[in-house]
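J.: Have a look at this one before I ask anything.
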Amino acid sequence: MIRKDWDLAFLLQYENVAWYEKGQVKILDRRVYPRVVRYEVCKTHQEVAKAIADMVTQSAGPFTAAGMGMALAAKEVEHEPMEKQLEQLEKAGETLANARPTTANRMRLVVRGCIEAAEEGFRWGGAPDEMIFNHTLESLNRRYSKMEEVAEHLVDLFPEDGKIMTQCFGETIVGMMLRIAKRRGLNLEFYCPETRPYLQGARLTASVIQDQGYPVTVISDNMAGVTMKEKKIDVFTSAADSIVLDGHVVNKVGTMQMALVAKHFGIPYYVTGIPDQGKTSTEDLVIEQRNPKEVLEFQRVKTTLEGVKGYYPAFDITPPAYVSAVVTDRGIYTPYNIRDYFKQGEAGYY
């Protein structure tokens, strides 16, 4: 296997996403990076699920963490009979898949692949935890390859001397679009809203852009509109936690208002990712409501008086009218024809 992370930023190296080794899973703690480089070490699959729920890893990181967590779950019951091991893997899969509700459908695809890898191990005499680890690593590499294809189409839409605004942390698509833009010799500048309350834009996206050699400017979340106008932003782009088949886009809360402002200024909004075949309308969505106290503090320091209330929907939903294009590995679609993506078959993403 030729690894697809070969020239990407520190955050995107496979071992720094999530890694299973010696009966434990190591996950880079993205809540404190880059101020501190530390790893959450999980010794049970339940600890992996908690790390996902607690935002130790975000964006696409939970998919890899869940796969590595399934390897750990297999290790936990390696001395049990095969039937008991499979039963426990099914339970572990549900625990990991439901760590964050909005992406549970995608996470179920991840854990199902891991269970199938374990079953193959039983058939051919391979250790289930090693089979799941190898499957997860191959799946991660395949995901990077897919997102490189997405990035090729996305960069086609960038002007040669463009100013690009991002939202939150798109993980692999960020690294891949930078790799391709550099290969093509594009002279780009990036503007990253900070993404409160976890500051993924400031700490993660901006770090990847800096690591990969492009100029990047961080702004606070309430500066997106004035920055679009005064800095003459050419493109607004984000990944998506879900692309619904009716054209609605679910992404980090704040995306909708940025899409509205971009529309006002005539700036195209390009969403990247793979449509969700199982989500036909917004009625199929579950928007995660996180602990309100997370908006009442800044990096775990309380910023409000006692009694002040918080509200924290983790995602919002951008209507298709504000989405200029949905950029996939199979090409560029409008939000109104993304069902056509599946005319070529299933995504094979996980």
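The values are calculated or read from the model by the stated rules, or taken from the named source; none is laboratory data. Everything quoted here is computed from the prediction, not taken from an experiment. Ideal geometry is used to build each Cβ from the backbone, glycine not excepted, and the neighbour counts take in all protein chains shown. Accessible surface is based on the protein model in full, side chains and every heavy atom, while ligands, DNA and RNA are left aside. Shrake-Rupley method; radii C 1.70, N 1.55, O 1.52, S 1.80 Å.
J.: For the ranges 328-336, 280-288, 129-137, what's the packing order if you count other beta-carbon atoms within 10 Å of each residue, average per peptide, and put the highest first? Walk me through the intermediate numbers first.
T.: On the way: 328-336: 18.0, 280-288: 13.7, 129-137: 22.1.
So the peptides 328-336, 280-288, 129-137, ranked by packing, come out 129-137, 328-336, 280-288.
J.: Spelling out what I want: for every residue of region 9-23, take phi, set θ = phi - 60°, compute 6.51 cos²θ - 1.76 cosθ + 1.60 (Karplus), and round to whole Hz; glycine and proline get x.
T.: 5, 3, 4, 9, 5, 3, 5, 9, 8, 7, 8, 9, 6, 6, x
J.: Multiply the residue gap between Ile332 and His79 by 0.36 nm, knock off their C-alpha separation, and tell me the result in nm, one decimal place.
T.: Values: separation 253, 0.36 × 253 = 91.08 nm, distance 4.89 nm.
Extending this stretch completely gives an extra 86.2 nm.
J.: Express in nm, to one decimal, how much length is gained between Lys293 and Asp7 on full extension, taking 0.36 nm for each residue of separation and deducting their alpha carbon distance. Walk me through the numbers on the way to the answer.
T.: Working: separation 286, 0.36 × 286 = 102.96 nm, distance 3.82 nm.
Stretched out fully, the Lys293 to Asp7 stretch lengthens by 99.1 nm.
J.: Using alpha carbons only, how many degrees (0 to 90, rounded to 10) separate the axis of helix 255-264 from the longest principal axis of the chain?
T.: Approximately 30 degrees, to the nearest 10.
J.: ³J(HN,Hα) across region 126-135 via Karplus (A = 6.51, B = -1.76, C = 1.60, θ = phi - 60°), whole Hz, x for Gly/Pro?
T.: With coefficients 6.51, -1.76 and 1.60, one gets x, 5, x, 5, 5, 4, 5, 4, 5, 4 Hz.
J.: Can you pull a Stokes-Einstein diffusion coefficient for the chain at 4 °C (1.567 mPa s), Rh from Kirkwood over Cα pairs, as a whole number of µm²/s?
T.: In µm²/s, the coefficient is 63.
J.: Further, regarding this structure: Could you check how much of the accessible area of region 102-185 is carbon and sulfur, as a whole percent, using a 1.4 Å probe?
T.: The computed percentage sits at 48.
J.: Put +1 on the Cβ of every Lys and Arg and -1 on every Asp and Glu Cβ in the chain; which of Cys168, Ser139, Ala118 then has its Cα farthest towards the positive end of the dipole?
T.: Most positive-ward Cα: Cys168.
J.: If you count only protein heavy atoms with a 1.4 Å probe, what accessible area per residue comes out for region 104-261, rounded to a whole Å²? Please list the in-between numbers first.
T.: Details: 5750 Å² over 158 residues.
Accessible surface, normalised per residue, equals 36 Å².
J.: Taking loop as defined by DSSP and a crowding limit of 16 other beta carbons within 10 Å, which chymotrypsin sites (Phe, Trp or Tyr not before Pro) in region 1-55 fit?
T.: The qualifying sites are Trp6.
J.: How large is ³J(HN,Hα) for each residue in region 188-195, as worked out from phi by the Karplus curve 6.51 cos²θ - 1.76 cosθ + 1.60 (θ = phi - 60°), to whole Hz, x for Gly and Pro?
T.: Going residue by residue, I get 10, 10, 10, 10, 10, x, 5, 6 Hz, with x marking Gly and Pro.
J.: Would you work out the charge dipole size for region 140-265 about its Cα centre, treating the Cβ of every Lys and Arg as +1 and the Cβ of every Asp and Glu as -1, and quote it to the nearest 20 debye?
T.: Working: 15 positive and 15 negative charges, 27 e Å.
Dipole about the Cα centre, nearest 20: 140 debye.
J.: On alpha-carbon atoms, Rg over Rh for region 73-204 using Kirkwood Rh?
T.: 1.13
J.: Now, a different point. Suppose only helical runs count, i.e. DSSP H with n ≥ 4. What mean residue ellipticity at 222 nm does that imply for the chain under -39500 (n - 2.57) per run, divided by all residues and rounded to the nearest 500 deg cm²/dmol?
T.: So the calculated ellipticity at 222 nm is -11500 deg cm²/dmol.
J.: Let me ask something else about it. For region 126-227, how big is Rg over Rh, using alpha carbon atoms and the Kirkwood form of Rh?
T.: Reported Rg/Rh (Cα atoms, Kirkwood Rh): 1.08.
J.: Shifting gears a bit: In nm, what is the difference between 0.36 nm times the number of residues separating Ser281 and Ala321 and their Cα-Cα distance?
T.: That works out to 12.9 nm of additional length.
J.: Taking the Cα centre as origin and putting +1 on Lys and Arg beta-carbons and -1 on Asp and Glu beta-carbons, what dipole magnitude results for region 31-116, to the nearest 20 debye?
T.: 520 debye
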